[in-house]
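Have a look at the structure below before the remarks.
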Amino acid sequence: MEQTLIITYIQKTPVFTWAFLYSKIIGMDNLDKFLDDLDKRRRELMSAFKIEDLKTEIDDLRQQMEAPDFWQDQARAVIVSRRAENLQRDYQRWLNLEQSLKETKELTAMALADQDARLLSELSAKAENLASELRLLENSSLYTGPYDERDALLSINAGTGGVDAQDWAQMLERMYLRYAERQGFKAEILDRILANEAGIKSVMLKIKGERAYGNLKSENGTHRLLRNSPFNADGLRQTSFASVEVIPEIPANDILIKDEDVRLDVFRSSGPGGQSVNTTDSAVRLVHLPTGITISCQSERSQHQNRENAFAILRARLAQLELSRKEEEEKKLKGGIVKAEWGQQIRSYWFYGNRLVKDHRSDWEDTNVDGVMDGHLEDFISAYLRWQKNNV
């Protein structure tokens, strides 16, 4: 009974604490039982995530890569190649784990029969590593969305709260830039509008890296800050809001945008900038007439570069719009639909009293507020992906 309870708890625990927890519960007398439970969990996960189906998808992707015209569309070719590589790596890791568990169970049976304490100690350490590997594989298998392998376009907009909200938007910008840096992602500012007194009104970031969108989609929604305001003479408590939108980057050939559907405006960039940024009409604004979507870019010195960035964002927004429509249709067919509203609060950050960051979807909490604001978002992302798998 004790082991079952522990394993259930561990499934809700972040990756980095697994080895510690297992070292506390694996003893020489229950090692064989632990390995059996671990192998059972492996089989359940392989069935739930349809791991065997990965081989079929890998073969399909490889057939696409062998086509003579595969590299004519380089942007799409990179996405297909990246997904094939990720799937092949994960599939091989599942096979390796299965073989390692089999060998470890056989050695454990021999060590128990011989009462070999030294070998049992080594096998206990091996079991900890296998448990950690299973947890990592479980996380990797949660990336099932059609755009999870894509790069991400992340926008932050200050909401209710005046100067505090604009300062909060800039704090979130730093948080995501630090997260990208920690993950080895490449981050680029596509558009940024400074506020008059402090902070920013809005910013658009392009984040490139392995499963960038698959990870950062967890940040979609409204983020609430509760703190003693540094902009208030009395230091009164202030609640501020900022909205975060994350959309996948879409290759140019995936979505056709007709010229007659777009109005293109050029204007002079505002705010601080480098040479020629504020002296020429380099800023670009696109209006997609059928949907009313408006995109502006002014961070680059070249009008051509800003135009390319604006069209990339427009393609991503159109793809996200179509995906949202399909999801709503599926929910209607299932007998219910939850209206998606822009101001929906997903996470709160308490900067006073019992300092805490809490995600209102997964209920994941972290008291290390400074660590979260420095880009340590892995646990929130992992908890969100599990919540999404069980609830969406």
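Considering only the stretch 150-164, state which residues are touching a Leu at 6+ places or on another chain (Cβ under 9 Å) and surrounded by fewer than 22 Cβ atoms within 10 Å (Cβ to Cβ).
Listed by number, the residues that qualify are S155, G161.
Just need a number here: residues in the stretch 61-74 that are of a type in the set (D, E, K, R) and surrounded by 12 or more Cβ atoms within 10 Å (Cβ to Cβ).
The qualifying residues number 2.
Search the stretch 165-177 for residues being in contact with a Gly (Cβ under 8 Å, 6 or more places away or on another chain) and closer than 16 Å to K206 by Cβ, and hand back the single one that is surrounded by the most Cβ atoms within 10 Å (Cβ to Cβ).
By that ranking, first place goes to Y176.
Residues G274, G221, G209: which one is modelled with pLDDT under 95 and either surrounded by fewer than 14 Cβ atoms within 10 Å (Cβ to Cβ) or touching a Pro at 6+ places or on another chain (Cβ under 7 Å) (or both)?
Values: G221 fails: either surrounded by fewer than 14 Cβ atoms within 10 Å (Cβ to Cβ) or touching a Pro at 6+ places or on another chain (Cβ under 7 Å) (or both); G209 fails: either surrounded by fewer than 14 Cβ atoms within 10 Å (Cβ to Cβ) or touching a Pro at 6+ places or on another chain (Cβ under 7 Å) (or both).
Exactly one residue qualifies, and that residue is G274.
Restricting the stretch 56-78 to residues that are of a type in the set (G, A, S) and under 26 Å from the mean Cα position of the chain (by Cα), which is nearest to R89 (Cα to Cα)?
A77
If you check every pair at least six apart or on different chains, which have Cβ atoms under 9 Å apart with a residue in the stretch 181-210 that is without any contact (Cβ under 8 Å) to a residue 12 or more places away in the chain first and a residue that is surrounded by 13 or more Cβ atoms within 10 Å (Cβ to Cβ) second?
N196/V163; N196/Q166
Determine whether L130 is in the same structural domain as A48 (by TED's automatic domain parsing), within 23 Å of S218 (Cα to Cα) and at pLDDT 90 or above.
Values: in the same structural domain as A48 (by TED's automatic domain parsing): yes; within 23 Å of S218 (Cα to Cα): no; at pLDDT 90 or above: yes.
Taking the combined requirement at face value, the residue does not satisfy it.
Inspect the stretch 169-186 for any residue being under 22 Å from E249 (Cβ atoms), in a strand (DSSP E or B) and out of contact with any Ser or Thr (no Cβ under 8 Å at 6 or more places or on another chain) and give the result as yes or no.
yes
In the stretch 193-237, how many are assigned to a helix (DSSP H, G or I) and of a type in the set (D, E, K, R)? Steps first, please.
Quick first cut of the stretch 193-237, residues assigned to a helix (DSSP H, G or I) only: 212-219.
Remaining after also requiring of a type in the set (D, E, K, R): 217, 219.
Residues in the stretch 193-237 being assigned to a helix (DSSP H, G or I) and of a type in the set (D, E, K, R): 2 in total.
Using the structure shown, decide if M204 is assigned by TED's automatic domain parsing to the domain that holds W364, crowded, with 17+ Cβ neighbours inside 10 Å, more than 15 Å from the chain's Cα centre (by Cα) and farther than 25 Å from Q238 by Cα.
yes
Any idea which of A127, A131, A113 is assigned to a helix (DSSP H, G or I), over 21 Å from E210 (Cβ atoms) and touching a Ser or Thr at 6+ places or on another chain (Cβ under 7 Å)?
A127
Could you figure out which of (1) more than 22 Å from D151 (Cα to Cα); (2) modelled with pLDDT of 90 or more; (3) assigned to a helix (DSSP H, G or I) isn't true of S23?
Only one criterion in (1) more than 22 Å from D151 (Cα to Cα); (2) modelled with pLDDT of 90 or more; (3) assigned to a helix (DSSP H, G or I) is unmet by S23, namely (2).
Is there a residue in the stretch 231-253 that is surrounded by fewer than 16 Cβ atoms within 10 Å (Cβ to Cβ), more than 26 Å from K358 (Cα to Cα) and modelled with pLDDT of 80 or more?
So far as the stretch 231-253 goes, no, none of its residues is surrounded by fewer than 16 Cβ atoms within 10 Å (Cβ to Cβ), more than 26 Å from K358 (Cα to Cα) and modelled with pLDDT of 80 or more.
If we scan the stretch 51-63, do we find a residue that is in a helix (DSSP H, G or I), among the β-branched types (V, I, T) and either in the same structural domain as A316 (by TED's automatic domain parsing) or under 24 Å from E103 (Cβ atoms) (or both)?
no
Can you tell me which residues in the stretch 322-375 are at pLDDT below 95, within 28 Å of Q183 (Cα to Cα) and of a type in the set (A, V, I, L, M)?
Passing the criteria: L323, I346.
Please enumerate the residues belonging to the stretch 119-146 that are surrounded by fewer than 16 Cβ atoms within 10 Å (Cβ to Cβ) and acidic (D, E).
Once the filter is applied, which keeps residues that are surrounded by fewer than 16 Cβ atoms within 10 Å (Cβ to Cβ) and acidic (D, E), the stretch 119-146 yields only E122.
The values are calculated or read from the model by the stated rules, or taken from the named source; none is laboratory data. Keep in mind it's a predicted model, so treat the numbers as computed, not measured. Backbone-built Cβ (ideal geometry, glycine too); neighbour counts: all protein chains shown.
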